[in-house]
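See structure below.
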2 protein chains.
Amino acid sequence: MVSTALKKNNFQNDIGTVETKYYTFAHPPNELVLECGERLGPITLAYETYGRLDARRSNAILILHALSGDAHAAGVHGEDGATGWWEEMIGPGKGFDTNKYFVICSNIIGGCKGSTGPAAINPTTGRPYALGFPFITIADMVNTQRRLIDHLGIDRLLCVAGGSMGGMQVLQWAASYPERVRAAIPIATALKHSPQQIAFNEVVRQSIMADPAWRKGDYYDHGQPEKGLAVARMIGHITFMSDRSMEEKFSRRLKNGVFSFNFDADFEVEGYLRYRGANFVKRFDANSYLYITKAMDYLDLSAGRLIRQDKLIATRFLVISFSSDWLYPSYQSQEIVRELKGRQVDVAYCELKSTYGHDAFLVETAEQTELIRNFLRVTQQGYHSWPGRGTTVGGFA
Amino acid sequence: MVSTALKKNNFQNDIGTVETKYYTFAHPPNELVLECGERLGPITLAYETYGRLDARRSNAILILHALSGDAHAAGVHGEDGATGWWEEMIGPGKGFDTNKYFVICSNIIGGCKGSTGPAAINPTTGRPYALGFPFITIADMVNTQRRLIDHLGIDRLLCVAGGSMGGMQVLQWAASYPERVRAAIPIATALKHSPQQIAFNEVVRQSIMADPAWRKGDYYDHGQPEKGLAVARMIGHITFMSDRSMEEKFSRRLKNGVFSFNFDADFEVEGYLRYRGANFVKRFDANSYLYITKAMDYLDLSAGRLIRQDKLIATRFLVISFSSDWLYPSYQSQEIVRELKGRQVDVAYCELKSTYGHDAFLVETAEQTELIRNFLRVTQQGYHSWPGRGTTVGGFA
């Protein structure tokens with residue numbers, strides 16, 4: 001017998017089965033020119049869509065994911081039955097309400113989740129790019145997503161939203177294409193990485209590259225540098241949680257009730273990290289981790305780079321941070337707000353109380369739902385009075 | 001020509017040339033029984049002393065060092081000319097005034113700085129212990145230091161002091177031998193590691209053990225697992241600094257002025273971490289890092305284990321923490337204070353403002369000097385009215 005709760009879930013609140021789609025473009029000789037000056041093509045982007053595009057093509061929302069995320073943000077995947085990484089936020093009646101909005105989630109170039117990255121076959125060699133893959137930036141990711149949005153026939157996005165590196169892409173969208181973004185929701189993110197954030201990423205990269213199985217990136221015939229990548233991911237998981245959330249989840253509980261008096265995992269937290277590390281190597285490409293973390297470190301939209309000095313933009317912002325997030329602390333979201341206010345941009349800022357650390361943007365869905373639902377409703381009401389594509393609201397005198 | 005400042009340094013404020021001494025004990029069949037149940041012997045402890053023991057043997061202060069420290073706390077080492085790790089704190093007229101006090105700094109078992117540890121020769125095999133070295137705890141370290149203090153003819157220490165893992169040893173001294181410790185100064189430390197602290201240590205261990213050059217600890221004929229140990233140390237350095245101190249020291253400055261668009265060290269902070277990692281492998285044994293971090297993780301002096309329920313102790317405490325230390329946050333020092341107050345122990349607590357993070361206990365010497373100088377003076381005034389060795393101040397009714 002199916003319970004009422006389950007029925008409700010299945011038939012009222014959820015998207016149901018979804019599939020990942022692929023868009024391929026920039027075929028030679030029309031490759032995309034990257035920020036580093038190199039050319040890349042053909043490029044495939046993996047993406048998913050939920051809900052329906054309205055007749056005026058005015059209800060499209062682009063969702064962008066974090067470092068190890070993918071295009072599968074919501075629904076049940078047809079292939080493996082996995083639910084999306086932002087399942088609680090996207091669906092009928094949810095924060096990003098698929099009864100009202102056409103939601104797109106785009107993967108990133110440089111990744112390993114169906115889009116072109118270092119593990120993809122280099123058409124000129126017939127072998128994986130490996131370190132032959134060109135260096136990419138957050139702006140390059142956004143430029144490819146702009147091509148996808150063109151392909152989908154969408155002139156102006158109602159909203160661009162995402163957390164962590166997804167938030168960096170949101171900011172870059174506003175910086176690169178303000179006339180195509182009616183509203184932006186950068187969550188738990190930053191205009192630029194602090195040296196501490198760069199340091200954590202650098203240790204992650206060094207851990208991968210220290211593994212002899214990495215073979216200077218040319219490991220595709222031999223298997224992943226599993227040990228180095230696992231350690232890298234363990235570091236990540238510490239930074240995603242907070243001191244408090246680790247205390248609540250693990251405290252000092254022992255795995256087997258007694259000390260081992262050797263180098264086994266004595267504490268539950270050790271077992272958790274080992275498990276997460278070992279699992280990660282099955283689902284993520286080590287070279288992608290290198291490329292993507294570097295792209296994050298290079299981003300710097302501070303000091304007038306978010307909005308050009310000579311522009312006023314009509315994009316509305318909702319900036320969200322979490323009180324216990326020490327990887328992307330609230331002061332970094334406040335720097336975004338300061339930058340926007342200095343350019344007379346419409347911006348609301350909320351720091352949500354949470355003990356979950358950086359993971360809060362994935363976990364604390366109730367308050368985010370409330371904020372985002374209202375923000376989107378007001379945005380949509382004003383959508384058609386918005387200056388058209390290519391227009392900015394005028395320059396400073 | 002020697003400047004006045006240098007003269008002053010050399011002849012008035014500094015200890016001058018020092019040498020490391022060694023004490024060997026627990027010769028078979030009288031090995032030391034460790035907490036894990038195994039026996040260890042012979043045991044050598046490296047130590048240094050500064051100043052002179054007075055006739056009543058009442059002015060001895062024991063200094064204990066952090067994870068990668070050694071016995072060389074002050075003065076200029078006769079062999080390599082290196083200054084001590086707490087040079088600013090120990091010497092004539094300094095916080096630990098060697099005109100007044102006889103200062104001892106003891107190394108730890110399990111280490112690699114002259115004391116018996118995994119790199120030492122196992123007398124039964126003629127080869128390095130490697131992972132054959134028995135598991136050690138903070139209490140084992142303190143038990144060997146107690147033997148050293150006996151050897152030096154000191155019945156009661158005026159004070160035991162140290163930061164970080166040194167502070168853990170301070171707390172363990174008070175727990176194991178309260179009647180032999182007149183005063184205790186635990187700095188930037190904790191009664192027990194939180195799961196976050198355990199997690200950082202576990203990643204450090206995993207990084208070392210992931211390096212194939214580690215060879216299950218049996219690498220002494222082949223050289224250190226350099227890459228794994230370097231990554232481990234890089235993680236450590238991030239946790240020793242604060243977000244703020246990294247911003248002040250490095251910000252986002254580039255090493256070579258431009259982005260490399262590859263995986264070189266672009267940012268100064270990356271270069272710094274790589275340098276510190278590479279340097280560490282020249283001076284510290286990887287297996288020692290494993291043993292010592294586990295000893296730290298196992299310590300738990302909370303919930304009545306610092307002072308037994310049936311005891312009142314006469315040891316005075318000065319507990320110090322630093323506002324920006326997120327590795328050993330102030331709340332952990334406050335837990336020490338709460339534990340002591342609950343046992344009617346004389347305790348003063350100071351949180352010092354600093355941006356240096358956990359490194360502050362090594363760097364912020366001015367305020368520590370003031371606090372410690374006064375604390376020691378008052379302690380010494382009351383020393384002879386203190387109940388004798390073996391006495392506790394009575395039990396609860």
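Computed from the coordinates by the stated procedures, all read-outs in this text should not be read as laboratory data. Model, not experiment: these values are computed from the prediction. Here the Cβ positions follow ideal geometry from the backbone for every residue, glycine too, while neighbour counts run over all protein chains shown.
Structure data summary
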read-out	value
Cα pair distances in segment B:1-134, grouped into 5 Å bins until the bin that holds the longest one, percent each	2, 10, 17, 19, 16, 12, 11, 7, 4, 2, 1, 0
For B:336-345, mean number of other protein chain Cβ atoms within 10 Å	0
Percentage, to the nearest whole number, of Cα pairs in the protein assembly as shown over 35 Å apart	53
Given A:K21/A:K113; B:K94/B:K249; A:K192/A:K294; A:K192/A:K341; B:K94/B:K282, the pairs whose alpha carbons are separated by over 23 Å	B:K94/B:K249; B:K94/B:K282
With 5 Å bins from 0: P(r) over segment A:131-276, alpha-carbon pairs, percent	2, 8, 11, 14, 14, 14, 13, 11, 7, 3, 2, 1, 0
Other-copy label distances relative to A:T17, 7 angstrom Cα-Cβ extension, nm	8.4
Chain A, helix-only ellipticity at 222 nm - DSSP H runs n ≥ 4, -39,500 (n - 2.57), divided by all residues, nearest 500	-10500 deg cm²/dmol
Gain upon complete extension [A:V258, A:D80; 0.36 nm per residue less C-alpha separation]	60.2 nm
Cleavage-rule hits, trypsin sites (Lys or Arg not before Pro), segment B:18-109, DSSP coil, Cβ neighbours within 10 Å at most 16	B:R52, B:R56, B:R57
Residue among B:D325, B:D243, B:D310 with the largest mean-square fluctuation in a Gaussian network model of chain B, springs linking Cα atoms under 10 Å	B:D310
Length-normalised contact order for chain B - Cα pairs under 8 Å, 6+ apart - percent	17
Length-normalised contact order for segment A:24-119 - Cα pairs under 8 Å, 6+ apart - percent	32
Kirkwood Rh in Å, taken over segment A:197-296 so that all alpha-carbon pairs contribute	14.6
Gained length - A:E351 relative to A:R244, 0.36 nm times residue gap less alpha-carbon distance	36.8 nm
Contact order normalised by residue count of segment A:197-296, Cα under 8 Å, 6+ apart, percent	31
Sequence-distant residues sharing a close amide H with A:V160 (under 5 Å, placed H)	A:L62, A:A183, A:A184, A:I185
Label-zone membership for segment B:56-94, site B:R343, 7 angstrom Cα→C-beta point, backbone N under 14 Å	none
Tail beyond 27 Å, pair distance distribution of chain B (Cα, percent)	51
B:K21 paired with B:S251, simple spin-label distance in nm, labels 7 Å along Cα-to-beta-carbon	5.0
Calculated label separations, B:D80, copies of the chain, 7 Å along the beta-carbon direction, nm	4.9
